[in-house]
Amino acid sequence: MARSTPVKEEPVGVADVERAAVEIGALVRRTPMLTAGELSRRFGSPVSLKAECLQRTGSFKIRGASNAIGGLEPAQLAAGVCAASAGNHAQAVALAASRRGAAAEVFMPASAPLAKVAAVRATGATVRLVEGSYDEAGTAARAHAASAGMTLIHPFDDPAVVAGQGTIGLEVAEDRPATRLIVVPLGGGGLASGIAIAAASRLPGVRVIGVQSEACAPYPASIAAHRPIGARDASTICDGIAVKRPGELTLPLVERHLDEIVTVSDDEVAEAMVLLLERSKLVVEGAGAAAVAAVLHRKVRAPDDGETCAVLSGGNVDAGRLVECIRLGETAAGRRAVLVTVVPDRPGALAGLLRIAAEGGANVLDVVHLREGVDLHVRETAIRLVLQTDGPEHRNRVIELICAEGFDARLEHAALPSSGTLR
């Protein structure tokens with residue numbers, strides 16, 4: 001996607017971002033730029049990480065929220081603020097409002113991670129859970145703000161919010177002036193467009209690429225139609241960027257200022273989360289790892305010279321969800337394999353199978369007998385093995401060893417071996 005030339009005055013410019021940097025300076029941390037050695041090796045080009053997962057409230061959202069609330073009049077602060085969010089914006093609004101002495105009510109999807117809900121409540125804000133996704137929460141928040149006379153702090157479709165998020169672009173340019181490519185998660189569009197506006201003013205020739213989840217990616221179709229088009233509602237570990245409809249403000253900003261939009265799968269994101277956890281010692285949520293997933297799986301082209309910056313937009317993830325993502329990421333990386341095979345239903349048969357796996361160096365994590373609902377001979381039993389291996393090559397060697405001993409072992413997504421022959 002090539003940038004188009006603006007045909008009218010921009011609703012958000014670099015001067016707005018510079019003013020935002022002054023406004024939010026007392027509340028917002030200047031997050032570090034970290035060198036990502038292993039990711040650089042795999043990408044074949046230097047990569048740095050803008051660690052907004054270490055930001056106050058655990059995500060970049062405090063930048064936009066504090067800038068928007070900082071610009072309110074005393075009467076507006078007295079009436080309180082209202083917001084809708086999957087979690088990160090809610091925490092940011094709650095903290096920024098409390099610093100200004102304003103009451104805050106936030107509407108969150110009932111499926112929002114428990115850690116995010118608890119963090120919002122801990123600031124003293126009132127949380128109202130809404131069935132559905134962010135969009136349903138947004139509808140409820142708008143209605144409540146109108147009836148209660150509160151100021152609605154939109155998570156992305158607000159010039160003050162876009163300018164606040166854009167301060168990340170200023171920091172990237174100042175800390176890593178060799179940056180020639182910035183890869184950033186793309187949900188509503190406030191973060192990506194703000195960064196692009198700021199970075200372009202300080203880094204001539206820089207490319208900015210937005211990353212959406214395959215499960216919820218409304219921007220490509222919306223840009224093609226030059227109007228917001230809703231995406232289907234789908235489950236994804238990237239809940240922070242699962243915004244089904246671009247904003248009226250942010251869509252033209254994204255269209256003008258971003259160079260390209262790519263998508264990543266949940267498997268790719270989970271693998272990126274595991275890489276960040278193991279190699280960079282960073283806990284990053286699904287949406288926050290989307291940019292690294294795009295780099296890791298070469299969805300973006302490395303710059304001819306200079307560095308690539310991947311923005312880690314947030315780190316708020318439940319411990320239970322993190323465990324699930326680690327499991328998914330290990331499977332995607334070939335380090336966790338679920339095998340199904342058939343053994344004779346007699347003493348010692350299973351022990352023989354486990355011996356082979358152990359001799360191949362695989363760690364057996366789980367063993368399940370499958371006797372119900374599977375087409376088997378009366379004297380057979382199906383076995384489901386969960387193995388931990390060193391990677392795809394090791395996994396395949398273990399499978400070959402098992403098959404060489406007469407077991408017809410398949411990865412779980414493959415069909416069960418046909419019954420009738422004892423092994």
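Each part reduced to its alpha carbon centroid, region 237-298 and region 116-144 end up 23 Å apart. For region 151-305, what proportion of DSSP beta bridges, expressed in % and rounded to the nearest 5, is antiparallel? If I count the DSSP bridges inside region 151-305, around 10 percent turn out antiparallel. Pairs of Lys residues in the chain, spaced 8 or more positions apart or belonging to different chains, with C-alpha separations under 28 angstrom: 15 in total.
Applying the Karplus relation 6.51 cos²θ - 1.76 cosθ + 1.60 with θ = phi - 60° to region 352-367 yields 3J(HN,Hα) values of x, 5, 5, 4, 4, 4, 5, 5, x, x, 8, 9, 7, 8, 7, 9 Hz, where x marks Gly and Pro. Amide H to amide H, with H built 1.01 Å from N, residue 182 comes under 5 Å of 207, 208, 209, 309, counting only residues 5 or more places away or on other chains.
Using just its DSSP H runs of length 4 or more, each adding -39500 (n - 2.57), the chain gives a mean residue ellipticity at 222 nm of -12500 deg cm²/dmol after division by all residues. Taking every protein chain into account, the accessible area of region 26-66 amounts to 35 square angstrom per residue (probe 1.4 Å). If you take the alpha carbon atoms of region 1-88 and fit the smallest convex hull around them, that volume is 191 Å³ per residue.
Students often check this: by mean Cβ neighbours within 10 Å, which of 221-227, 167-173, 311-317, 363-369 ranks highest, and how do the rest follow? Provide the component values of the computation, followed by the final result.
Numbers: 221-227: 14.0, 167-173: 24.7, 311-317: 27.9, 363-369: 12.0.
Final packing ranking: 311-317, 167-173, 221-227, 363-369.
Solvent exposure of region 126-245, expressed per residue, is 34 Å² of accessible area, with all protein chains present and a 1.4 angstrom probe. Cα axis of helix 88-99 to longest principal axis of the chain: angle in degrees, 0 to 90, nearest 10? The helix 88-99 is inclined about 40 degrees to the chain.
Taking 16 Å as the cut-off, the amide N atoms of region 138-164 that come nearer than this to a point 7 Å along the Cα-to-beta-carbon line of residue 73 belong to 149-152.
For the chain, how big is Rg over Rh, using alpha carbon atoms and the Kirkwood form of Rh? Let's see the in-between values first.
Working: Rg = 24.5 Å, Rh = 23.0 Å.
That ratio equals 1.07.
What's the carbon and sulfur percent of the chain's accessible surface, probe 1.4 angstrom, rounded to a whole number?
Values: 8740 of 17260 Å².
Using a 1.4 Å probe with all protein chains present, the chain comes out at 51 percent carbon and sulfur.
Only one residue of 212, 291, 347 has its Cα farthest out toward the positive end of the dipole of the chain, where Lys and Arg carry +1 and Asp and Glu -1 on Cβ, and that residue is 291.
The values are calculated or read from the model by the stated rules, or taken from the named source; none is laboratory data. What you are looking at is a predicted structure, and each value in this text was computed from that prediction instead of being measured. Using ideal geometry, Cβ is built from the backbone for each residue, glycine included, and neighbour counts are taken over all protein chains shown. For accessibility, only protein heavy atoms count, side chains too; no ligands or nucleic acids. Shrake-Rupley method; radii C 1.70, N 1.55, O 1.52, S 1.80 Å.
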